[in-house]
Amino acid sequence: MIDLLSLGFLQRALLAGVLVSLLCGVLSIFVVLRRMAFLGAGISHSAFGGVTLGFLLGVNPLWTGIGFSVLVALAIEWAQTHTRVEEDTAIGIFFAASMALGLVFLHLSRSYNADAFGLLFGNILAIDRTQVWQIFGITVAVLFIILAFFKEMVFLSFDEEMAWVSGVPVKALRYLFLVIMALVIIVSIYLVGIILVSALLVIPGATAQNLGKQLWNMLLISAIVAVGCTAGGLLLSCLLDFPSGATIVLLLSLVYLLTTAVPWLRSRHTGR
Amino acid sequence: MEELAVEMKGVTVAYNGVSVLEDINLEIKAGRYVGILGPNGAGKSTLLKTILGLIRPNQGEVAVFGQSPQKLRSHGRPVGYLPQRPLGNPHFPVSVLDVVLMGRYGRIGLCRRAREEDRQSARRQLELLGIPHLAGKLIGEISGGEQQRVFIARALGAEPRLLVLDEPTVSLDVCVQDEVFELVFELKQKLDLTILVVSHDIGAVARHVDDIICINRRIHVHQPPPLGRLGLESTFGCSVEYLFHGQIPHRVVKAQDD
């Protein structure tokens, strides 16, 4: 194990994994409380179009991915507030159209299948130093924004209409939350890939709901579960020679399943 | 001249081309306790939301204490509001004190944390509502009646002059319903508030309010009690039968089309 940890690529993977999972753990609480799991899946699949556009244009896929995901997230929000389309329908449309566009871009760019495979299922072990710095920058920016607007985000998650009446700029904060979500999803693609990224946005928060009752407790639990399962899953994947993204998600799912017994035990104990 | 809390001139609101409110002209003087009655789909909640600024009218003007609701909101003196179903997620992990503090978030401002004076103000609201002992409890762990008190405390958080309550007793048992109306009446007296309350409970509304607005797309203003059968029938669009408890009609027990 110590030999493994001395490997440069694994150190970079661990550092990037911890940063990304910390972000996902914090955001996951809001995704679960606001019931936005499907939106997370929609944005992550839409990112495929943006990242493959980067391959096609020969530019850094991180930036095209961020731009594309943010645009799709904002378009979903715009469609549901300005047209008769419901949110899940809008997500379904953008999700499929972006994936299809991504496949066309991939075909035109003649990229290696390995690139596409890494995008879909993640390849954190191949991460380089520059990418670690990019992830670090996005982590700091997103955590700062969440901390700055924390009380408003909680209020929006609790009751949007009342938040507006109380003078909170609801529309601007909704858009801001979508931008944050798109940023976090793009960096999470390095870790677990497009297909599995919604697991990182949902399972830590859902696990925290099983274990905690107060918001700050839940935030802490969610972050610990996300970081712990990511670090554990990475090391386990190296030891067992399993795909890293899938191992992380399986570990998260196992922890979630184990914690589902807690609310049941608690209700039996209190007799409610 | 008496100050007007709410003034609506020629207000029309339509959804997808179907009008919900038609040519509403209304003046509510400051300090009045006003009940709003009407059948389902009559536009009761739409009227409240137009006054709050949540819905912009297709035609006409709305003024709350002489200003547009949007302007009032941006000046940090919003209207206090109790929505019809204020608790969407009963497992939401916030305490009663956190919920009451939310009412002050607009005043506190973006990127600022609640200060000690905000916490003290929230505790004062809880004391006013007779529930200071619930401050540390989770919102989902208290009874329906206690939750309504908490949400009324939140509505008072921004120290409003106008309090708007949308069906405050809708999911409460009969004893608690009366308690809520009594409580709102006491708050009006103590805080010198203007109150608008939407309710189906004609008897309870008639007992406490100064004026009754009957609404069915258009409005009629009455001065209770007693509340005339003809007035109610013209609002509800069908015949109504009263169950009398003493002097005041307590409840509509039957509504039928002849």
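Here, each number is a calculation from the coordinates, and none is a lab measurement. Small disclaimer: the values here were computed from a predicted structure and weren't measured. With ideal geometry, Cβ positions are generated from the backbone for all residues, glycine too; neighbour counts draw on all protein chains shown.
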Query raised in the report: Mean 1/r over all different Cα pairs, inverted: what Kirkwood radius does chain A give, in Å?
Result: 19.1 Å
Query raised in the report: Where the only charges are on Cβ atoms (+1 Lys, Arg; -1 Asp, Glu), what is the dipole of region B:85-159 about its Cα centre, to the nearest 20 debye?
Result: 200 debye
Query raised in the report: For region B:59-89 and region B:1-40, what is the separation of their Cα centres, given in Å?
Result: 13 Å
Query raised in the report: Put a dot 7 Å past each Cα toward the Cβ at B:GLU3 and A:ARG35; how far apart are the dots in nm?
Result: 4.0 nm
Query - FRET efficiency, A:ALA141 to B:HIS220 (Cβ-Cβ, R0 60 Å, nearest 0.05) - result: 0.60
Query raised in the report: Taking a spot 7 Å from the Cα of A:MET99 along the direction of its beta carbon, which residues of region A:163-201 have an amide N less than 16 Å from it?
Result: A:193-199
Report task. Give the share of C-alpha pairs in each 10 angstrom bin for region B:85-159, from 0 to the last occupied bin, in whole percents, shortest bins first. Result -> 22, 56, 22, 1
**Report entry** Spin-label proximity, A:VAL262 to region A:188-214 - amide N less than 11 Å from point 7 Å beyond Cα toward beta carbon
**Finding:** A:205-214
Report summary line: So the FRET efficiency between B:HIS133 and A:ARG110, C-beta based with R0 = 56 Å and rounded to 0.05, is 0.20
Query - Residue-averaged [θ]222 nm for the protein assembly as shown, counting only DSSP H segments that reach four residues, each worth -39500 (n - 2.57) - result: -19500 deg cm²/dmol
Query raised in the report: Which value in Å does the Kirkwood hydrodynamic radius of region A:94-203 take, with 1/r averaged over all unlike C-alpha pairs and then inverted?
Result: 16.2 Å
Report summary line: From the cross-link list A:LYS151/B:LYS29; A:LYS171/B:LYS49; B:LYS44/B:LYS137; B:LYS44/B:LYS188; B:LYS29/B:LYS190, the entries with a Cα-Cα span beyond 25 Å are A:LYS151/B:LYS29; B:LYS44/B:LYS137
Query raised in the report: Where the only charges are on Cβ atoms (+1 Lys, Arg; -1 Asp, Glu), what is the dipole of the protein assembly as shown about its Cα centre, to the nearest 20 debye?
Result: 880 debye
Report summary line: Of region A:127-155, those with amide N under 20 Å from the point 7 Å along the Cα→Cβ vector of A:LEU15 are A:127-144
Report summary line: To the nearest 0.05, the calculated FRET efficiency linking A:GLU87 and A:LEU7 through their beta-carbon distance, R0 being 51 Å, is 0.70
Report summary line: Those helices of chain A passing the 15 Å axial Cα length cut-off and the mean Kyte-Doolittle cut-off of 1.0 (DSSP H runs only) are A:8-33, A:37-57, A:87-109, A:129-148, A:170-211, A:215-240, A:244-259
Report summary line: Taking max minus min of the Cα coordinates of the protein assembly as shown on each principal axis, largest first, gives extents in Å of 88, 52, 45
**Report entry** Sequence of B:LYS44, B:LYS29, A:LYS171 once ranked by neighbouring C-beta atoms within 10 Å, starting from the fewest
**Finding:** A:LYS171, B:LYS29, B:LYS44
Report summary line: Between B:TYR15 and B:ARG115, the two model label points (7 Å from Cα along the beta-carbon direction) sit apart by a distance in nm of 4.2 nm
Query raised in the report: With a Cα-only, solvent-free Debye model of region B:1-104, what are the log10 I(q)/I(0) values at q = 0.11, 0.24 Å⁻¹?
Result: -0.42, -1.36
